[in-house]
Amino acid sequence: MTISNSASPSDIEAQKSPPVKTESIPQKDGVGEDVPLIQPACTPGLYGYDETPEIIRSPYLLTGYRLYYSWGQCFRSMFQVHNETVNILTHFFGGIFFLIMMIYSATLTARVAVAQCIYCFAACTLLFASTAYHTFSVDLPKYTLFLRFDLSSICVLIALSYVPPVSFGFLCYPTLVTIYLVIIIVLAACASVVCILPCFLPCRVLRASLLLVVGWFALFPVGNAVYLYGWAGAWPLASRLLIMGGFYSVGCFFYLSRIPERFAPGKFDNWGHSHQLWHFFILAAAIYHYWAMISLYADQAAIGRC
């Protein structure tokens, strides 16, 4: 905001003051008068699209934005109704699920336990970072901080999701396992650095496309498996990775297209909007991948691959 040098002291003070909400109060003669509410517009609460900073708000979601919350109010809002409630709870309970699965994985045979515990750690990292992002992003500083954590955790999950399928799919080829894991970790690390650069934080389409491309690196080990084992022999690995990739890709479609809210702005503010669907597909993909990798190891062991 720019203050003119020629303005009067009262004008200058008015420009410095925060905007104040007003409410039309009926008078005895039936004529309404706009009077200020008791508290200014920086009061913690739920705000509309036009009152919310551009970088925080989402097109087609017109209400339910939390603003000016303290850390404690953000935490308590996890179980209140607003346009982030479903985003928060899906990944919060998903994170708890993978903590339980990590404990369960530790009881499995050594090779499976190590790979599955690493994967569960990555899933917990993503799900709890996402929970924090959606819980505390109520102003620009918190939004920027937690968005960086959220994007970095996605790259962690992408990289470590490869540990079980590559380890189990190439049981007899430890050198290949090492090569593929090093490549995907380097790719994910580079993607993380790019995504958290200040110039890329507002570029959601570019970020999502980059992460999707890195995720589909899976086609290379699948092709390698076809070369080594033939189509029939590679199918246990290929089918599971394609299904997992399909979950993520469909979720990414909703995330990028903003369907269904783009066809009915304001109708899906709290329930059923695209980011919630994106969260459900992420969680479905992560849970499917966990059990698919256990069954993949069983299939590989059954046919005597090392």
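The values are calculated or read from the model by the stated rules, or taken from the named source; none is laboratory data. Computed from a prediction, not measured in an experiment: that's the story for all the values here. Because the Cβ atoms are built from the backbone with ideal geometry, glycine has one as well, and the counts that use them run over all protein chains shown.
Results, tabulated for the structure shown:
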read-out	value
Of all residues in the stretch 126-151 being among the polar types (S, T, N, Q) and over 11 Å from the mean Cα position of the chain (by Cα), the one that is modelled with the lowest pLDDT	THR144
Those residues of the stretch 149-183 which are in contact with a Phe, Trp or Tyr (Cβ under 7 Å, 6 or more places away or on another chain) and of a type in the set (S, T, N, Q), in sequence order	SER161
Flag if VAL156 is under 13 Å from the mean Cα position of the chain (by Cα) and free of Cβ contacts under 8 Å to residues at least 60 places away in the same chain	yes
Close pairs (6 angstrom Cβ cut-off, 6 or more residues apart or separate chains): under 20 Å from ILE118 (Cβ atoms) in the stretch 283-306, in a loop (DSSP other than H, G, I, E, B) and at pLDDT below 95 anywhere	GLN300/LEU171; CYS306/LEU171; CYS306/CYS172
Complete set of residues in the stretch 228-248 that are polar (S, T, N, Q) and either modelled with pLDDT under 90 or surrounded by 15 or more Cβ atoms within 10 Å (Cβ to Cβ) (or both)	none
Some residue of the stretch 236-245 being within 21 Å of ILE183 (Cα to Cα), in contact (Cβ under 8 Å) with a residue 12 or more places away in the chain, of a type outside the set (A, V, I, L, M, F, W, C) and part of a helix (DSSP H, G or I)	yes
Listing of helices (runs of 4 or more DSSP H) fully contained in the stretch 56-139 that carry 1 or more residues being of a type in the set (A, V, I, L, M, F, W, C) and without any contact (Cβ under 8 Å) to a residue 40 or more places away in the chain	85-105, 110-136
Count of the stretch 166-179 residues which are part of a helix (DSSP H, G or I) and touching a helix residue (DSSP H, G or I) at 6+ places or on another chain (Cβ under 6 Å)	5
Options CYS199, CYS252, CYS203, CYS190; residue that is over 17 Å from VAL166 (Cβ atoms) and touching a helix residue (DSSP H, G or I) at 6+ places or on another chain (Cβ under 7 Å)	CYS252
Residue, surrounded by the most Cβ atoms within 10 Å (Cβ to Cβ), within the stretch 99-127, restricted to residues that are β-branched (Val, Ile, Thr) and within 10 Å of PRO164 (Cβ to Cβ)	VAL112
Some residue of the stretch 193-202 being aliphatic (A, V, I, L, M), under 30 Å from GLN73 (Cα atoms) and crowded, with 16+ Cβ neighbours inside 10 Å	yes
Those residues of the stretch 249-287 which are among the aliphatic types (A, V, I, L, M), touching a Phe, Trp or Tyr at 6+ places or on another chain (Cβ under 6 Å) and surrounded by fewer than 18 Cβ atoms within 10 Å (Cβ to Cβ), in sequence order	VAL250, ALA284
